[in-house]
Each structure stands twice: as structure tokens, then as C-alpha cells.
């Protein structure tokens, strides 16, 4: 039997269960690198998914603890969507992503892992990224550590001087 060596995953298997909402905890924390928070704006933030479907899987999370689209303010809608555009742009540059699955799983029955805090998923895709491993072995191979990817993305964001001003306008990257 073949083995996949992924020693960095042990901290996720052995860590105690987190209390409270993971997104609210990340929002309130000043430890962005530890929480893989890539970007913060007035109404939302972007973070790497610690349990990604694909390398570069990012979540854009509204700052407020809300569960449905109907609770979004106009400013939050604009800000989360502009943040998603920024994340897509940076993933195209950093990972040379060729396509994206972008969406919201709203509610437990829709597959939301955290059903009480609205967030959007951005999953980069490449030609050939679906291979025999998930079909034959029931295993998805993620080829890059979260720490390495975090550094690449935050470096790209700083290099491009992505910022938020009071009118929620971002410099295009």
C-alpha cells in the first residue's frame, strides 16, 4: 500500500476542539499568520481554508456573525465581492490558477461546515487537477503547505499594495 507523507497535518488532528465560532475567533484575533488570515477589510476578511479541497482554497468571511444572505448589508455585499475579486486575481498570479469554483454553502443541509457564519469559498482549479487519487484511493493530494502558500499570497498582496480606503475601493492587482 502506498503512503502519503503529510507531517504538517498532525497539528490539526491532535489540537483540542476550538471553542466558539472559528471565523469570529479569527476575526477577533491579532494572530493573522497563525489563523491564515490573508487580508482584512472594513466588512470582511480572507483566509486560507485549513482543510482545503484544493491547494489555494480561500474563504472570504463577513466580519459580522450572520448566517444568511438576507442579513447582508449593501456595504458587506460590495466588500465581500470585491475581496473575492482580489483573491481570484492574486491566485491567478501566485498559483497560475486556470479556473475557479466560487460559492456559498448556506445552511447545514447545503454542506456548510460552519452554518452559523456566512462565508464564501474560492477553490482554484487547473487542467488535470482531478486525477485518479480521489477516484481510486479516496484521497486528495494537496501539494503545498499552508504556511508556504500563506507567505506567497501575503507577499503578493503587499507587493501589489492592495489596500482598502473608506469608500471600499481597492487598487486593482
Kindly establish whether residue 107 is surrounded by 11 or more Cβ atoms within 10 Å (Cβ to Cβ), at positive phi and at pLDDT 70 or above.
yes
Just to be sure, is residue 41 surrounded by 19 or more Cβ atoms within 10 Å (Cβ to Cβ) and closer than 21 Å to residue 150 by Cα?
yes
Quick check on residue 29: is it loosely packed, with under 13 Cβ neighbours inside 10 Å and either in contact with a helix residue (DSSP H, G or I) (Cβ under 7 Å, 6 or more places away or on another chain) or under 15 Å from residue 118 (Cβ atoms) (or both)?
yes
Pick from the range 112-122 the residues that are surrounded by 15 or more Cβ atoms within 10 Å (Cβ to Cβ) and touching a residue at least 12 places away in the same chain (Cβ under 8 Å): which of them is farthest from residue 59 (Cα to Cα)?
115
Do you know which of the residues in the range 75-111 that are over 17 Å from residue 124 (Cβ atoms) and touching a residue at least 40 places away in the same chain (Cβ under 8 Å) is farthest from the chain's Cα centre (by Cα)?
75
Being touching a residue at least 24 places away in the same chain (Cβ under 8 Å), assigned to a loop (DSSP other than H, G, I, E, B) and under 15 Å from the mean Cα position of the chain (by Cα): is that true of residue 55 here?
yes
Look at residue 36 and say whether it is at positive phi and at pLDDT 95 or above.
yes
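The values are calculated or read from the model by the stated rules, or taken from the named source; none is laboratory data. In this text, all values refer to a predicted model and were calculated from it rather than measured experimentally. Using ideal geometry, Cβ is built from the backbone for each residue, glycine included, and neighbour counts are taken over all protein chains shown.
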